1. By the scheme Lys and Arg +1, Asp and Glu -1, what is the net charge of all other residues having a beta-carbon under 9 Å from that of residue 605?
2. Roughly how compact is segment 112-245, stated as its Cα Rg over 2.2 N^0.38 Å to two decimals?
3. Starting with the highest mean, order 135-144, 446-455 by the number of other Cβ atoms within 10 Å, averaged over the residues of each peptide.
4. Give me the percent of accessible area attributable to carbon and sulfur for segment 11-102, probe 1.4 angstrom.
5. Sorting check: for 160-171, 78-89, which peptide has the highest mean count of neighbouring beta carbons within 10 Å, and how do the rest follow?
6. What share of all Cα pairs of segment 11-102, in percent, falls into each consecutive 5 Å distance bin?
7. So, counting K/R as plus one and D/E as minus one, what does the shell of residues with Cβ under 10 Å around residue 159 add up to?
8. Which order do the peptides 117-125, 35-43 come out in when sorted by mean C-beta neighbours inside 10 angstrom, highest first?
Amino acid sequence: MTKTSALPIGLAHRKDLRALTTDEIRFEIDMCIGCDRCMQACPVPLSNKMTIAELNQATIGDEIPPLVARFIHECVMCGSCVPVCPVGDHRDLLMLSLKQRLGSSWDEKADTAHILSNLPQGWNIPLLLRRLREQPALRDASAVPDNYLLHLVAASTLHVFSSDELLVQEGTFGNTLYLLLAGAVELFTHDAAGKEISLAIVRRGEYIGEQSLFSGQPRSFSVRTKRNCIMLEVPEQVIQRLMELVPAVQHYFEGLYAARLTETILLRLPLFEGVPAHEIHALATRMIIKHYERGESLFSEDPDARPSRESLHILLDGFVKVSRRTMLKAAEKGAGERVIAYRQCGDYFAGGLDMLGDKQAVSVSAMTRTTAAELPRSVLLQFLRRYPEVRQRFQEQMQLYKESKVAAYSAVFEPFGSALSFAIETDKAARHGLHTLVSDGVIEGTDVLVIDLDKCIHCNECEEACARRHGHSRMNRKGKVVGNLSIASVCRQCLDPVCMLCSRAGIARSPTGEIYITESCIGCGICAERCPYHCISIVDVEEKPQQGENLWQRFSSFFLRGGKERGRRTLPVLQQRVAPGPFDVQKPRDLSEEMRKKVAVKCDLCAGYENQACIQACPTGAAIRVNPVTFFGSTEDILSRKAR
């Protein structure tokens, strides 16, 4: 196999795919025995009308029939077809060859009839295209053809708002981008006393929503219409599709978002206190924005991987782990790691030092998808020459620098001998708690179920209450232990949930933060495979719901831990017909094309109920839901606590 030069769009979850050669494709087709087990295992509802013979013929034939083409576009490359093949065919790679051959569905003509039926009164397609072209990211018709814009509109929602309507509430979650096609809106917030503060007026040709869309953070301001408005609400999946097709659009949105965020953070740093705003803006434009995937290293304490002394790294979003090798195992590269801190948006490192901790050389790696701004050495030196007061502050910090081996062997973070006092042993327990919270990803959650072991009587009522409400328990009260607290094994509603990579929008986040499974879910298992904590399961759907059960009991009658593994029991659901995804804008389909075979199951904080079953049922009040950052506190707060 040879690595493909360019993967089809929508395959961010399968970046390791390798294309088959022509000879390998022919060999795979010849090996197929036509048993259709792959089609039976396929979660795509359209597979109910497909046979493997039709796919094989399309793979080696000159033409691809319309129904097969639709199936190829709807295939999400989940890999469910691979393990069931009795001859070991790489059916996913055969589908890859078809996807590469067929190209993007946006290369086909858009459904203009659907668009016209949803246009505001007095609007037509030429006017719509002109208004879209007013958006800076969409002005280049050679990069973003009209057909792409029409597909964008067809998969989005046009809204007509009257004056003084509240569109966005500060503090809520959102994953849509709003393009303002007519009118104007006001961005505002409130101070500590509750007084309203106007931030900006956004007019036609501008957009809002990129901050929450790209960072996963709650919205930092509210939005209200100033006069009658027409806005295009673009779902996350749709804007991601456009950015994959036209990388320049992605560079524009991400670059502008990062520049704005960088400038805001620089204004808050004490290091730049007293520097004029226009100089901060100029500095922000010269910073290099870098994106890091989960587990990727920003820099380390090793001499060959350490940034220059005159460098500055600022975290724009995400969480990072700050660590150092221990004395006993420092000779082994990558061994003996000791977590000493976690850092998040707004924290910074100078010269490879943790300036908010003990100011010594450290290794820093991303716990979540992370964006950091790096100020190059030459730019920083030039800036320091112009502002002596900033230079003095920077030098005061740099004077605390020590050689990495001294920092790495600092007794503050090393194992203690048995002869040391009890107080030091409690510090060791606190450090162990910090390691658990950071390394196991607890700190990146927004709503974590913890159980106070001093109060817990091990009655298991929390799990049983969950089972009574949902048909089967979605939680396990046993988990990692930090001090006297047990971190239950259940969805933590992560701030940056990597599970939410679904082209069908089968998993979504409500404005109040709950991550839930939607009626568009087909049970492909991509979300379960991506969840690092195995909190999502994929189960079969039963053909006929049982009588006498409510919606949530039918939806959650079976819960299997273990990520993408399939259970043998089936899950009866009230709505077996799958709801359309954001790209399903074609003509209506018949019933057989809408019947889903599988569905994902996870904790959604008992969405739709007045309380959470596990919390309500605990007889001693041991089970509580907490935000880990506010509950456990900062790194310094955690390390300062004594073990109970």
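The values are calculated or read from the model by the stated rules, or taken from the named source; none is laboratory data. Please read these numbers as outputs of a predicted model, since none were measured by experiment. All Cβ positions, glycine included, derive from the backbone under ideal geometry; neighbour counts span all protein chains shown. Only protein heavy atoms, including side chains, enter the accessible area calculation; ligands, DNA and RNA are left aside. Shrake-Rupley method; radii C 1.70, N 1.55, O 1.52, S 1.80 Å.
1. Around residue 605, the charge tally is -2.
2. Dividing the Cα Rg of segment 112-245 by 2.2 N^0.38 Å gives 1.08.
3. Peptide ranking by packing, descending: 446-455, 135-144.
4. Carbon and sulfur together cover 52 percent of it.
5. Those peptides, ordered most packed to least, come out 78-89, 160-171.
6. Taking all Cα pairs of segment 11-102, the binned fractions are 2, 14, 28, 29, 21, 6, 0 percent.
7. Counting the neighbours of residue 159, the net charge comes to -2.
8. The densest-packed peptide leads the list: 35-43, 117-125.
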